[in-house]
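The values are calculated or read from the model by the stated rules, or taken from the named source; none is laboratory data. Since we're looking at a predicted model, the values are computed, not measured. Ideal geometry is used to build each Cβ from the backbone, glycine not excepted, and the neighbour counts take in all protein chains shown.
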Amino acid sequence: MPFDWNEYIKLGRELSQENDPACLRAGISRGYYGIYNLLRINVGHTTKYKPHKDLIEKLAAAEKYDDQAQLSKLLEDLKQNREEADYDGILNIDQRYSSKFWIRLERALKLYTDNL
């Protein structure tokens, strides 16, 4: 049975409820990879070199989504948040930062589900 990427999003939300920088960072990462994989599978995109950039560009050009430019931009912003959470050890990833990430992710999920 294929993995349900909504479970990654659910785990990310749970981790983001903790007031611990490591949990907040891990929650952002899991949330991003959940939405990324839902979108990747939905548009039939396989993993390969630069898969995140390619998916963002493919979504921006897709006619399937009425709001494809907005979805592409949200995914690009979420990717930047995930990269900061995963790699930037100086940036303060706090509840405020995490909340902004989750607001964007919810917008992306809504666009995704509205256009299934």
Mind listing whichever residues of region 100-116 are in a loop (DSSP other than H, G, I, E, B) and touching a residue at least 60 places away in the same chain (Cβ under 8 Å)?
LEU116
Within region 1-21, which residues are under 15 Å from LEU39 (Cα atoms) and assigned to a helix (DSSP H, G or I)?
ASN6, GLU7, TYR8, ILE9
Got a number for residues in region 90-100 being touching a Ser or Thr at 6+ places or on another chain (Cβ under 9 Å) and surrounded by 16 or more Cβ atoms within 10 Å (Cβ to Cβ)?
1
Can you name the number of the only condition in (1) surrounded by fewer than 12 Cβ atoms within 10 Å (Cβ to Cβ); (2) within 15 Å of ASN81 (Cβ to Cβ) that ALA22 fails?
(2)
Scanning region 101-116 for residues that are surrounded by 12 or more Cβ atoms within 10 Å (Cβ to Cβ), under 12 Å from the mean Cα position of the chain (by Cα) and at pLDDT 90 or above, which turns out nearest to ASN6 (Cα to Cα)?
LEU109
Can you find, within region 73-89, the residue that is surrounded by the most Cβ atoms within 10 Å (Cβ to Cβ) among those that are farther than 17 Å from GLY34 by Cβ and at pLDDT below 95?
LYS73
Of all residues in region 26-71, count the ones that are modelled with pLDDT of 75 or more, surrounded by fewer than 18 Cβ atoms within 10 Å (Cβ to Cβ), of a type in the set (A, V, I, L, M) and assigned to a helix (DSSP H, G or I).
2
Just give me the residues in region 4-44 being in contact with a helix residue (DSSP H, G or I) (Cβ under 8 Å, 6 or more places away or on another chain), among the hydrophobic types (A, V, I, L, M, F, W, C) and farther than 14 Å from PHE101 by Cβ, in sequence order.
TRP5, LEU11, LEU38, LEU39, VAL43
Filter region 85-99 for residues that are without any contact (Cβ under 8 Å) to a residue 12 or more places away in the chain and part of a helix (DSSP H, G or I); the one that is nearest to the chain's Cα centre (by Cα) is SER99
